[in-house]
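The values are calculated or read from the model by the stated rules, or taken from the named source; none is laboratory data. Computed from a prediction, not measured in an experiment: that's the story for all the values here. FYI the Cβ positions are ideal-geometry reconstructions off the backbone, even for glycines, and counts take in every protein chain you see. Accessible surface is based on the protein model in full, side chains and every heavy atom, while ligands, DNA and RNA are left aside. Shrake-Rupley method; radii C 1.70, N 1.55, O 1.52, S 1.80 Å.
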Amino acid sequence: MIKKLLRGLVPLALAAIPTFTPAPAQAAAPVLLPDALSTLTVADESRAGYTRTAFKHWNAGADSTDGCNTRQEVLIAEAIEAPTVGAGCSITGGKWLSYYDGQTVTVAGALDIDHMVPLAEAWDSK
């Protein structure tokens, strides 16, 4: 009987606990593009102090024993026509497709795969 009484009290106790729902978040007021653009500061670009070697960004790759750095691994993985991989992971041949303009590229050295904006341009526009 006590068990039955307790079974009946538990749902009653749970029903008595107030439930709290958080207040809905206030959405930020929309900002129109012309208004947003008017808040930007316009300044001349400057390359003063820029040196490409200050930006170390390639690591030894997923397998540090194969000689391929991250850039080379990406070039191999994303080729639509596999390149020849030589000693020290030198890459010759191969073909890549630009996702942005549909152009095909056949010289790996002509590809920048490390950043969407070249480092020098980002530096100039800081």
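Looking at the stretch 1-26, which of the residues that are open to solvent by less than 90 Å² (accessible area, probe 1.4 Å) and in a loop (DSSP other than H, G, I, E, B) is modelled with the highest pLDDT?
A23
Pick from T70, T84, T41: which is modelled with pLDDT under 90 and under 23 Å from V107 (Cα atoms)? First the steps, then the outcome.
Numbers: T84 fails: modelled with pLDDT under 90; T41 fails: under 23 Å from V107 (Cα atoms).
Going through T70, T84, T41 in turn, the sole match is T70.
Can you spot a residue in the stretch 90-107 that is open to solvent by 70 Å² or more (accessible area, probe 1.4 Å), part of a helix (DSSP H, G or I) and among the β-branched types (V, I, T)?
Looking through the stretch 90-107, none of the residues is open to solvent by 70 Å² or more (accessible area, probe 1.4 Å), part of a helix (DSSP H, G or I) and among the β-branched types (V, I, T).
Give the residues of the stretch 40-85 that are in contact (Cβ under 8 Å) with a residue 40 or more places away in the chain, open to solvent by 80 Å² or more (accessible area, probe 1.4 Å) and part of a loop (DSSP other than H, G, I, E, B), sorted by residue number.
Within the stretch 40-85, E45, R47, W58 qualify.
Does the stretch 108-119 hold any residues that are open to solvent by less than 80 Å² (accessible area, probe 1.4 Å) and at pLDDT below 85, and which are they? First the steps, then the outcome.
At the first step, the residues of the stretch 108-119 found to be open to solvent by less than 80 Å² (accessible area, probe 1.4 Å) are 108-111, 113-115, 117-119.
If the condition is that a residue be open to solvent by less than 80 Å² (accessible area, probe 1.4 Å) and at pLDDT below 85, then I113, D114, H115, V117, P118, L119 are the ones that fit.
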